[in-house]
Structures are given as C-alpha cells and as structure tokens.
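Worksheet: the structure to be examined is printed underneath.
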Amino acid sequence: MSPMGRGFDVCLARPEDAATCEECLESEFVACLVRQSGLVIAGVKPAAVFGFRPRASRCQDDMVSRAIDAYARRFAAEGVMMHLLGERGGAQMLVVWRPRLVAKLLESASNRDFLTRRALPATGADALMRALAERIIACYARHAEFPHEVGLVLGYPLEDVEGFIADGGRGSIARGRWRVYGDPRVARKRFERLERVERHVRRLYSEGVPMRELLRMAAA
C-alpha cells in the first residue's frame, strides 16, 4: 500500500503513466481538484463545493478516504482547508476553501448583515464554514433544502445571492456561472476573468506544475 500525496510535489497530469490502481486514483483526484477548485487554488475564489467519483473500477473506498485525508493535510499546510461533506449519488462531496478569503468577506457590513439574517455566524471564517457545511450535509441527508446562502462564499456577488434566494432565479437578468441580478455587463466581465484564470491553472497543471507550486503561486 503506497502513501497518498505524491501529487503534491510531482505533477500527475498523465494518468496513463499510473502503474497501480492507487496511482490512477490519485491522478484522478488531483485532476478533479484542479478542475473543480482551480479558482480557490488560484486565490480568486473563497470556496468551492464539488464531488469526486473515481472512474477506476478497481478503486476501493479506503483509497478514496486516504487520498482525501492526505491532501486535506497538505492543503492545510498551505493555508487552504478541505473537508468531506459526505456521499451523494456515489460521489464524495468536498468543500475546499481559503480562510483568508472567507475572512475578507466578513469585513463587509452588508455581508455580515446578510449572514445574520440567514442565522449564520457573521464573525469568524471557521465558524461560518462549519455552519454552512452543516446545512449542506443536512440537505444531502434530505433533512433540509439546499442552503443557497453558500453562494456568498462561492464568490457570487451579494445582490445575486439575495436575488436568487428571493425568487429562485426567475427574476434574473442574465446567467453564467450564477444567476445575475445586477449589471449584466459587469457580470460578463467577471465570468470572462474567472474563465481565464481557470484555463490558466489547468494549463499550468497540464504542463507539469505540481499542486504545491499552484497553491504557492496564489499566495505570492
């Protein structure tokens, strides 16, 4: 049984080079992190929520758990948090977030007021993320509706989060990565910038830049 975490220091962008099922799974997992949380890795988005479902048919649940645990420890050492939210539809659901960026959201009085009205902690990034995680887990367990207030830590503008909560998207002016209630021209520029950053992170990884360097580029 080989230890997980090699992909933090060595780029695993070529899954065809994997010699074992464990190596194949780790390659898939790192690729999923780059693809689904690339904007968090790049330091331009506070958090990302996504699922990981390995394609390798021989992979066992303990391999997935070991991969998640190994990368959660490595991410934490670089100032990025990763937590397992549970299973949904055969996928392991994860949240990856940068405490520094979540804390920055809480500097805004309007954001704090919104969180207070939604019965969420308005001081302390850890407390806020724990509360949001609990609501997401309750949703996955079919005990509650999806907490759309999570959109704030996913990087959506407050007016768009509030607008969607108010009418479920029916009154949105435009849509892209999220439903837009403000100026669509400003939103399009945001979408284009996020797309550029995302492509850049994926390109760097495909060219051989390992996870540790990707994370440190954002911190520089």
Report summary line: Counting only residues in the range 109-140 that are open to solvent by 40 Å² or more (accessible area, probe 1.4 Å), in a helix (DSSP H, G or I) and of a type in the set (A, V, I, L, M), the one modelled with the highest pLDDT is identified as Ala109
Query raised in the report: How many residues are loosely packed, with under 13 Cβ neighbours inside 10 Å and modelled with pLDDT under 90 when one looks only at the range 58-78?
Result: 3
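Could you list, in sequence order, all residues of the range 141-167 that are open to solvent by less than 40 Å² (accessible area, probe 1.4 Å), in a loop (DSSP other than H, G, I, E, B) and farther than 17 Å from Lys45 by Cα?
Here is the first cut: in the range 141-167, the ones open to solvent by less than 40 Å² (accessible area, probe 1.4 Å) are 147, 149-155, 157-158, 160-161, 163, 167.
Still in the list and also in a loop (DSSP other than H, G, I, E, B): 147, 153-155, 157.
Once the filter is applied, which keeps residues that are open to solvent by less than 40 Å² (accessible area, probe 1.4 Å), in a loop (DSSP other than H, G, I, E, B) and farther than 17 Å from Lys45 by Cα, the range 141-167 yields only Pro147.
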Query raised in the report: Are any residues in the range 177-191 in contact with a strand residue (DSSP E or B) (Cβ under 8 Å, 6 or more places away or on another chain) and either crowded, with 17+ Cβ neighbours inside 10 Å or closer than 19 Å to Glu145 by Cβ (or both), and if so, which ones?
Result: Val180, Ala187
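Quick check: is even one residue across the range 97-108 at pLDDT 95 or above, among the small types (Gly, Ala, Ser) and outside any strand (DSSP E or B)? Before you say what the answer is, go through the steps one by one.
The initial filter retains those residues of the range 97-108 that are at pLDDT 95 or above, namely 97-108.
Narrowing further to those that are among the small types (Gly, Ala, Ser): 103, 108.
Going one step further and asking which of them are outside any strand (DSSP E or B), we end up with 103, 108.
The answer is yes; a qualifying residue exists.
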Query - Members of the range 192-220 that are open to solvent by 80 Å² or more (accessible area, probe 1.4 Å), among the basic types (Lys, Arg) and either in contact with an Asp or Glu (Cβ under 8 Å, 6 or more places away or on another chain) or not in a helix (DSSP H, G or I) (or both) - result: Arg216
Report summary line: When Lys189 is run through (1) modelled with pLDDT of 95 or more; (2) part of a loop (DSSP other than H, G, I, E, B), the failure sits at (2)
Requested in this report: All but one of (1) within 26 Å of Leu33 (Cα to Cα); (2) modelled with pLDDT under 95; (3) surrounded by 15 or more Cβ atoms within 10 Å (Cβ to Cβ) hold for Ala174, so report the exception by its number.
Outcome: (1)
Report summary line: Screening Arg142, Arg203, Arg190 for residues that are among the basic types (Lys, Arg) and over 30 Å from Ala13 (Cα atoms) leaves only Arg142
Query raised in the report: Restricting to the range 27-49, what's the tally of residues that are open to solvent by 10 Å² or more (accessible area, probe 1.4 Å) and within 22 Å of Gly89 (Cβ to Cβ)?
Result: 5
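In the set Met81, Met93, which member is in contact with an Asp or Glu (Cβ under 9 Å, 6 or more places away or on another chain), open to solvent by 40 Å² or more (accessible area, probe 1.4 Å) and in contact (Cβ under 8 Å) with a residue 40 or more places away in the chain? Before the answer, list the steps.
Details: Met93 fails: open to solvent by 40 Å² or more (accessible area, probe 1.4 Å).
It is Met81.
The values are calculated or read from the model by the stated rules, or taken from the named source; none is laboratory data. No experiment lies behind these values; they were computed from the predicted model shown. As a convention, Cβ positions derive from the backbone with ideal geometry for all residues, glycine included, and neighbour counts pool all protein chains shown. SASA here: full protein model, heavy atoms, side chains in, ligands and nucleic acids out. Shrake-Rupley method; radii C 1.70, N 1.55, O 1.52, S 1.80 Å.
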